[in-house]
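Worksheet: the structure to be examined is printed underneath.
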Amino acid sequence: MSDATLAEFWERIEFTPDQFQLEAGEAISDGSSVVVTAPTGAGKTLVAEAAIHLALDGGKRSFYTTPIKALSNQKFTDFSDEYGSDRVGLLTGDNVINPKAPVIVATLEVLRNMIYADASQLHDVAFVVLDEAHYLQDRTRGAAWEEVIIHCPRHVQFVCLSATISNNQQFADWVGERRGSTRLISTDVRPVPLESMYMLKDRMGSHALHLLATFVTRDGRRRTNPRLEQMLGLERGRKRRFKTPNREETVEALASEDMLPVIYFIFSRAGCDAAANHLVEARLRLTNSEERQAIREIAEERTAHLGDDDLDVLGYDRWMVGLEAGVASHHAGLVPAFKEAVEDLFGLGYLKVVFATETLALGINMPARSVVIENLSKFNGENHELLRPGDYTQLTGRAGRRGIDVEGFGVLLHSSFVRFNQVTEIASSGAHELRSSFRPTYNMTANLIANYRQDEAKALLEASFAAFQREDDRADAGDAIIALEHQLANEESQAECDRGSVEEYMAVIEALDPKQRNDGIAATLNTGDVFDIVGGSRDGRYAVLKRLARKNGSARYLVLSTSGRVSTVGSREIPSASRRAGKLNLPTPFRPRDRRFVQETLRRLRRVPPVTSDRSPQRKMLVEHPVAECPDAGRHLAAMRRANRIRRRLSQHRALRRKSGFGLVEEFGAIRQLLEELDYTEGWSLTGRGERLRKIYNETDLLLAEAVERGFLYGLEPPELASLLSVFVYEPRSDQASVPDWPTQELAVRWSDIETLWKDLTERERDLRLSPTRRPDPGFGNLAYLWAGEMAFDDLPTHGMAPGDFVRVSRQLADLLRQIREGVSELRGEATIALISVDRGVVAAQGVG
């Protein structure tokens, strides 16, 4: 391509491009693919626009792909303004707009599906842009990025745009192996310098708030701020001089220092909403009358497609009060219209404070002057873990608006639970390693068989980034998995009860309101109580010596065991089947650490007679369930909980094995064997079943295909079809299975069939050393049935589900209904009717996507 064409592009822009942008443009013009790694806000998109310009000038097409629909919508709007709406198209799961346009914006999976269906559709495509290319490390979706890079026609040049990663050369080398000539263009320079700050509040004297630079530069060297080190050196033992500033005073301090607007990261949806509401209730006003008028007009425009009843359910009035004050929250629990309004208003400078979860860090264009991270520690579902340096860099990367701010500020709030040396280590490291999440799936296998010879398919698997990152710990990982699988089998055996499903019983117990459940006796013990812990690591008899102060909302007790050991027991260590056994009069004076006191208490404890199951106060069932009548219910529950913990550990080890790239060809062979056994393949060819499997893009692809082939989805009314299909898209936010609540008996029967099918499939998978298919979940079934049956949004019994979650799952359900409509002719009529009923109202795509 001509240098003159590229020069024309640079002349059109209103500022001087950075050196990395010029180098990337030259590489693209010379016919190379590029991997561009740069900090957030550095201007990577300009490189993509240079490629689009070259394609248009040469009469070719280009694809700009993103990981999420919201980002696709944003780019579609931007490019339509730039190139004209007649030259730009949009392809997402929700919308198909102008699909033959020379510039196509698409979600990544749409392009992947096009390549598998008919790669010749891309004969006139010159460039594919992979925005947020580092997303290929995502556990559930990342493999699609590698599939596109591997399978896209060879003539297409790639423009891979990524956040800063530590192994960028390794990634570029791999892209080069797959795409031919590839240049790495990398910069660590931010267009707006970032100042890392640390905020803490003094408990003493005037309770002053301190906002200090985390690092200082002296003699040309960057080092930790000695004043901060000196101040935090005053923290000794349990006496803490400094504490975390609260949200209101943090925002007021930033406002007084002219450091607004700010994105304030809180790793909790409820925390974001509570913070925004608190500022409003505190009557903090950060806007003037003109801004408030503009805010109302834009918010009303963004929500015009929602009815008054829907807006009432969504808390529109309260949301609007916050917007007019210049404050909002942003997280996945909000409906798209609310999130998009917040993004628009913040981008225009009307909102001054947005409390957001980390999902905001992905791609959406919302630069700020400052970013606040409330805590470096984040709960991952099991325990708290510190942010990785790359995550910290990604979050703070939004601080500093190009062309507006001289510098940006990344403010971390003090926490007594995170050491300051940990803070400086994370804040100074900058990036983390990009790791592949690639693994063959059933759908991928079917498409490989359909499109390639057997030797070619094997070569393509070995060409993945996962294989490229091969490590030396395959045997160790395999041994760990085998050992955990033996443990899991043992615990699952102990969890079995001939009276019913222990997993279902546990789900019923966990679903109870805590005031009803109260973890059995766990929260109600008193001094002198004798109780038996049934199941778990603390199984045995104890006497309560003293109730201790609660910790993290849980009751705690100082106890004496029958072995004579004095220790602390928390209510979470006391399974629900545990029981009271009696009451002791403790010796006086009360000296729990005195040997004679302990011996006398132990003597009295051992005289308390055992309690039989039939006479136990716990015999009065907390819930109505067959397993509740079993005398060993507590032991079954404890075994099931241990099994769940082992499953999580197994998942982690399997993920580690997958990431190391080992066993891909072997795993592919095992998948082929299973598909052959189930009649999806014959040798190296697909059967009719296999052809249908090719068109199913779902995490539970084979399970869904089997449900179709066995007729479990036939003969249902459209609302019932939507309800049953929801089990394949809904995932609860915890690892606890949902309690089935089917609106019709027929659905209950079909669910039982699918659950049995899943158990049979996972047993086959384990025999073949394959990662088990995710368990389908019935938790959205009743909502899907009611919504597809035309119930109004404000009448739905959502039971605390966030509106944004309802919309997200419903959109996933709509996408699956489209797949069924197109791929299963026998269900086309029911799927079409169900799709129309699901994709409406608050669920229907707002704007362009």
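The values are calculated or read from the model by the stated rules, or taken from the named source; none is laboratory data. All figures in this text were calculated on a predicted structure; none of them were measured in a lab. All Cβ positions, even for glycine, are placed from backbone atoms using ideal geometry, and neighbour counts span all protein chains on display. Note: accessible area is taken over every heavy atom of the protein model, side chains too, but ligands, DNA and RNA are not part of it. Shrake-Rupley method; radii C 1.70, N 1.55, O 1.52, S 1.80 Å.
Placing a pseudo-label 7 Å from each Cα along the Cα-to-Cβ vector at Arg769 and Asn585 gives an inter-label distance of 6.6 nm.
With N as its number of residues, region 188-304 has a Cα radius of gyration that, divided by 2.2 N^0.38 Å, comes to 1.39.
The calculated FRET efficiency for Tyr714 paired with Glu676, based on their beta-carbon distance and R0 = 30 Å, is about 0.75. Where only DSSP H runs of four or more residues are counted, the chain gives -13500 deg cm²/dmol as its mean residue ellipticity at 222 nm, each run worth -39500 (n - 2.57). For region 281-339, applying the loop criterion from DSSP together with a ceiling of 15 other beta carbons within 10 Å to the trypsin sites (Lys or Arg not before Pro) yields Arg283, Arg285. If only the Cβ of Lys and Arg carry +1 and only the Cβ of Asp and Glu carry -1, the dipole of region 522-574 around its Cα centre is close to 260 debye.
Counted by Cβ distance under 12 Å from Val156, the other residues give a net charge of +4, where Lys and Arg count +1 and Asp and Glu count -1. For the chain, the residue among Val843, Leu111, His207 whose Cα projects farthest onto the positive side of the dipole built from Cβ charges is His207. Between Gly669, Leu306, Gly93, the Cα set farthest toward the positive side of the dipole of the chain (charges on each charged residue's Cβ, about the Cα centre) is that of Gly669. Share of carbon and sulfur in the accessible area of region 687-844 stands at 47%, probe radius 1.4 Å. In the structure shown, the pairs Lys60/Lys100; Lys75/Lys339; Lys243/Lys352; Lys546/Lys583 are assessed against 18 Å; a Cα-Cα span above that value is assigned to Lys243/Lys352. Applying a DSSP loop filter and a limit of 14 other Cβ atoms within 10 Å to the GluC sites (Glu not before Pro) in region 639-717 leaves Glu682. Element breakdown for region 288-384 at a 1.4 angstrom probe: carbon and sulfur atoms account for 44% of the accessible area. Among beta bridges from DSSP that stay inside region 323-435, the antiparallel ones total about 25%.
Farthest toward the positive end of the dipole of the chain, out of Met231, Ile833, Ser370, is the Cα of Met231, where the dipole comes from beta carbon charges about the Cα centre.
Of the options [x] 298; [y] 193; [z] 255, only one is volume of the Cα convex hull per residue in Å³ as computed from these coordinates, and that is [y]. Expressed to the nearest 5 percent, the antiparallel share of DSSP beta bridges inside region 102-224 is 70 percent. For the chain, a crude dipole built from +1 on the beta carbon of Lys and Arg and -1 on the beta carbon of Asp and Glu, taken about the Cα centre, is about 5380 debye to the nearest 20.
Note on Ala119 and His305: with the Förster distance fixed at 51 Å, the Cβ-Cβ geometry gives a FRET efficiency of about 0.85.
Restricting the GluC sites (Glu not before Pro) of region 42-130 to loop positions (DSSP other than H, G, I, E, B) with no more than 16 neighbouring Cβ atoms within 10 Å leaves nothing.
When only the Cβ of Lys, Arg, Asp and Glu is charged (+1, +1, -1, -1), the dipole of region 8-92 relative to its Cα centre reaches about 500 debye. Rounded to the nearest Å, what's the spacing between the alpha carbon centres of region 372-446 and region 677-727? Just the number, please. The two parts, judged by their Cα centres, are 39 Å apart. For the chain, the solvent-accessible area of protein heavy atoms averages 44 Å² per residue (probe radius 1.4 Å; ligands and nucleic acids excluded). Take the Cα of Ala332, step 7 Å toward its Cβ, do the same at Thr568, and the gap between the two points is 3.4 nm. Determine the percent antiparallel among the DSSP beta bridges restricted to the chain, to the nearest 5. Beta bridges within the chain, antiparallel portion: roughly 45 percent.
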